[in-house]
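What follows draws every value from the coordinates through simple rules; no lab data is involved. Not measured: the values here are computed from a predicted model. A quick note on method: Cβ atoms are made from the backbone with ideal geometry, for glycine too, and the neighbour counts reach across all protein chains shown.
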Amino acid sequence: MAHVGIIMGSTSDWETMRHAAETLDALGVAYEAKVVSAHRTPQRLYDYATGAADRGLKVIVAGAGGAAHLPGMAASMTHLPVLGVPVESKALKGMDSLLSIAQMPGGIPVGTLAIGKAGAINAALLAAAILALADPALSQRLQDWRRAQTDGVATDPA
Ligand code: RP5
């Protein structure tokens, strides 16, 4: 059963959001990935967000670009933690995405990550860390992943 729901506003977001999926794969975390647009498929978003907890999801990772209301709208309709990934936009390089995801009014939080690939990877790591609070085996895998990352950093630049 998927514990993380990765949603994105468009298939064009997959190039960014696939990094969240690949990171969850590396950590052995079950997830699903769906295209759910706040403005093009509002009913799909409503059904997804309102049904997420009952379907067994624990964390939602939502990526969107431009006027990126997907993470905030999803968060408004579920009590699950929602992590937002600002997808880099053509016109404003993702600053629009970042601000529209981060600047939620008080009361409905979205945990906002960095623009683009780094944000997608970190959203997955944060989702895994949340799940690991109640999953010692995953906690160990996450610690191993971090240790491997540390071990992989060269001491010399060339
Ligand atoms: C948003 O509009 C999506 O999240 C995407 O980042 C952006 C552009 O979508 P497309 O025009 O590529 O479908 O809804």
Going Cα to Cα from Lys58, which lysines come in below 27 Å? Please leave out same-chain ones fewer than 8 positions away. Lys34, Lys117
Within the chain, helix-based [θ] at 222 nm, where runs of 4 or more DSSP H residues each add -39,500 (n - 2.57), nearest 500: -14000 deg cm²/dmol
What is the diffusion coefficient of the stretch 16-101 in µm²/s, taking the Kirkwood radius over Cα pairs and the Stokes-Einstein relation at 20 °C with a viscosity of 1.002 mPa s? 161 µm²/s
Ranking Met17, Val29, Ala49 by how far each Cα lies towards the positive end of the charge dipole of the stretch 1-71 (+1 on Lys and Arg Cβ, -1 on Asp and Glu Cβ), the top one is Ala49
I'd like to compare 56-62, 41-47, 3-9: which one has the highest average count of other Cβ atoms within 10 Å, and what's the full order after that? 3-9, 56-62, 41-47
Quick one: dipole size for the stretch 4-151, taken about the Cα centre, charges +1 on Lys/Arg Cβ and -1 on Asp/Glu Cβ, in debye to the nearest 20. 140 debye
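Which order, highest average first, do 78-89, 94-105, 138-149 follow once you tally other Cβ atoms within 10 Å for each residue and take the mean per peptide?
Result, highest mean Cβ count within 10 Å first: 78-89, 94-105, 138-149.
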With the dipole of the stretch 76-158 defined by +1 on each Lys or Arg Cβ and -1 on each Asp or Glu Cβ, the option from Gln140, Leu80, Pro157 whose Cα lies farthest towards the positive pole is Leu80
Please compute the volume of the convex hull spanned by the alpha-carbon atoms of the stretch 65-158 and report it per residue in Å³. 116 Å³
HN-Hα J couplings of the stretch 87-95 from phi, Karplus 6.51/-1.76/1.60, θ = phi - 60°, integer Hz, Gly and Pro as x? 7, 5, 9, 5, 6, 10, 6, x, 5
Value of relative contact order over the chain, rounded to a whole percent, pairs C-alpha under 8 Å and six or more apart: 23 percent
May I have the pair-distance distribution P(r) for the stretch 4-151, computed from all Cα-Cα distances with 10 Å bins from 0 and rounded to whole percent? 13, 45, 33, 9, 0
